[in-house]
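Scroll down for the structure; my scribbles are underneath it.
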Amino acid sequence: MKFDELQLSYSKNSLYRLNFYLFSFLILLLSPNYLMQFFPFFKYIWGIVSFIFIFLFFYFFKSIKININSLFLFLFYIILFIFSAFNFIRYDNQEGLYFSLGILAKFFLIYLFLMSFDIFEFIKIIKSLIVIFFFLCLHSLIGWLFFLIGLVQVSQIVEISTYYYNVMSIWGVYTVSIPLGWGEVIRNQSYFQEPGAFAFYVFVTMVLLTSLRQFFTKKQYNFMFVFLFLTMLTTFSATGIVLSILLSLFIFRSKILNIGFSVICIFILSYIIFSDNPYMNKIGSLEERLYGITNGIMVFDRDPISLLIGAGYNSERYLGFDGKFNNFLFEVVLYSGIFNLTVYMFFLISLHKLSRSVKFFYFLVLVFCATTPLFWSPMMLVLNLFMLRYLDIQRRVGGDYI
């Protein structure tokens, strides 16, 4: 089916479209950001949006299209909760119980919504999500440039969890700045907890955009991808920039364009790696991640039961470990054991019929999750379900368009 034909198949009902954008807005509010702390009135917006979304959802709800491959995802999140409940009894890990319950609730909410529409409406939902995050990136990029040239100043400083967030009026926040001779350059993080979290969301948006490339015009796709790529550069996230380079090299056939991307990124990465700024230098960050991996193995060696069923979220202290894993494989084992990691591997195997390109994109996201603790984020929940439904997109619309 061609782009124009697909456009005609979309619902003309404006309430449908409104509900799609409300869903995308809720995903943003549920993401790891402090938007409601910086702007308390967003709590009321959150309540109003949630009420309208739930009302419209049940108004339009017809039936859930069960995908047999989703069984492994159901098991994965349910086992996470069951083992966390057991570890609540074992370690009194109340935080782990609440965490797993929250993840399970978000999964059911997102699953019910995304699986209750036909494939063309589903595509429209994901396009709405892409548009919402594209404008968020565009907004943050403008704010970053305004701060760079001195048109925006810090309006307030908010302390949250020992971190100081510099709020730039309506243009976002920053926690890390790089002093230069004529001013400061900040690491772009929009309203997210830290630049790496924002970079992860930018990258997943790039992956979703590219996976649905055939449903955008060429000009739309190129325009959005370039601005997302530029936003990624302003986060100074080494992982995000490297993976974005790999993604662009895979997509674009123009040698000149890819050489230009690579030269710019190599310059930025060199600064990130060798910078004297402790918040910018990645050598210390790499050492911290390696420490979490090597010493984490020893923790599980001392406690075989935790290796099997985990110990729950934020349970490092119960196991005598003084670090953080920041790696989704070790996080899954820590929270719900190697048994649940096996269940997730079966989910990955169930995606073997996905196109070569989309499997590669998903692999890149998992690489990102191996360096950043965002495997449990709402955006990752959406991406997992997107992978399930992309099998239907391939059958109904066509194969690999990359």
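The values are calculated or read from the model by the stated rules, or taken from the named source; none is laboratory data. Remember, it's a predicted structure, so these values are computed and weren't measured experimentally. For neighbour counting, all protein chains shown are included, and Cβ atoms are generated from backbone atoms with ideal geometry for every residue, glycine included.
Things to note:
- Check on residue 262, of a type in the set (Ser, Thr, Tyr), touching a helix residue (DSSP H, G or I) at 6+ places or on another chain (Cβ under 7 Å), under 27 Å from residue 197 (Cβ atoms) and modelled with pLDDT of 85 or more: no
- Residues in the range 216-255 that are crowded, with 23+ Cβ neighbours inside 10 Å and more than 21 Å from the chain's Cα centre (by Cα): there are none.
- The listed residues are 140, 177, and the only one of them that is touching an Asp or Glu at 6+ places or on another chain (Cβ under 9 Å) and surrounded by 15 or more Cβ atoms within 10 Å (Cβ to Cβ) turns out to be 177.
- Total residues in the range 58-81 satisfying the condition of being of a type in the set (Phe, Trp, Tyr) and at pLDDT below 85: the figure is 4.
- Scanning the range 199-220 for residues that are more than 21 Å from residue 385 (Cβ to Cβ) and either small (Gly, Ala, Ser) or at pLDDT 95 or above (or both) returns a single hit, 199.
- In the set (1) surrounded by 16 or more Cβ atoms within 10 Å (Cβ to Cβ); (2) farther than 30 Å from residue 304 by Cβ, the condition left unmet by residue 86 is number (2).
- Screening residue 132 on (1) surrounded by fewer than 23 Cβ atoms within 10 Å (Cβ to Cβ); (2) β-branched (Val, Ile, Thr); (3) over 30 Å from residue 18 (Cα atoms) shows it passes everything except condition (3).
- Members of the range 65-84 that are among the aliphatic types (A, V, I, L, M), over 15 Å from residue 384 (Cα atoms) and touching a helix residue (DSSP H, G or I) at 6+ places or on another chain (Cβ under 6 Å): 79, 80
- Just one of the listed residues (151, 97, 71) is over 18 Å from residue 25 (Cα atoms) and in contact with a Phe, Trp or Tyr (Cβ under 6 Å, 6 or more places away or on another chain), and it is 97.
- Scan of the range 99-123 for residues that are under 19 Å from the mean Cα position of the chain (by Cα) and not aromatic (Phe, Trp, Tyr), ordered by number: 100, 102, 103, 104, 105, 106, 109, 110, 114, 123
- All of (1) surrounded by 19 or more Cβ atoms within 10 Å (Cβ to Cβ); (2) among the hydrophobic types (A, V, I, L, M, F, W, C); (3) within 29 Å of residue 347 (Cα to Cα); (4) free of Cβ contacts under 8 Å to residues at least 60 places away in the same chain hold for residue 147 with one exception: (3).
- Output for the range 92-109, where each listed residue is part of a helix (DSSP H, G or I) and either in contact with a Leu (Cβ under 7 Å, 6 or more places away or on another chain) or buried (at least 17 other Cβ atoms within 10 Å of the Cβ) (or both): 96, 97, 99, 100, 103, 104, 106, 107, 109
- Search result, residues across the range 176-191 that are in contact (Cβ under 8 Å) with a residue 40 or more places away in the chain and polar (S, T, N, Q): 188, 189, 190
- Selection status of residue 166, assigned to a loop (DSSP other than H, G, I, E, B) and in contact (Cβ under 8 Å) with a residue 12 or more places away in the chain: no
- Check on residue 78, under 30 Å from residue 333 (Cβ atoms), within 25 Å of the chain's Cα centre (by Cα), of a type in the set (A, V, I, L, M, F, W, C) and in a loop (DSSP other than H, G, I, E, B): no
- Per this entry, residue 118 is not counted among residues that are surrounded by fewer than 21 Cβ atoms within 10 Å (Cβ to Cβ), on the phi > 0 side of the Ramachandran plot and of a type in the set (D, E, K, R).
- Test for residue 170: is it out of contact with any Lys or Arg (no Cβ under 7 Å at 6 or more places or on another chain), among the β-branched types (Val, Ile, Thr), farther than 25 Å from residue 37 by Cβ and surrounded by fewer than 16 Cβ atoms within 10 Å (Cβ to Cβ): no
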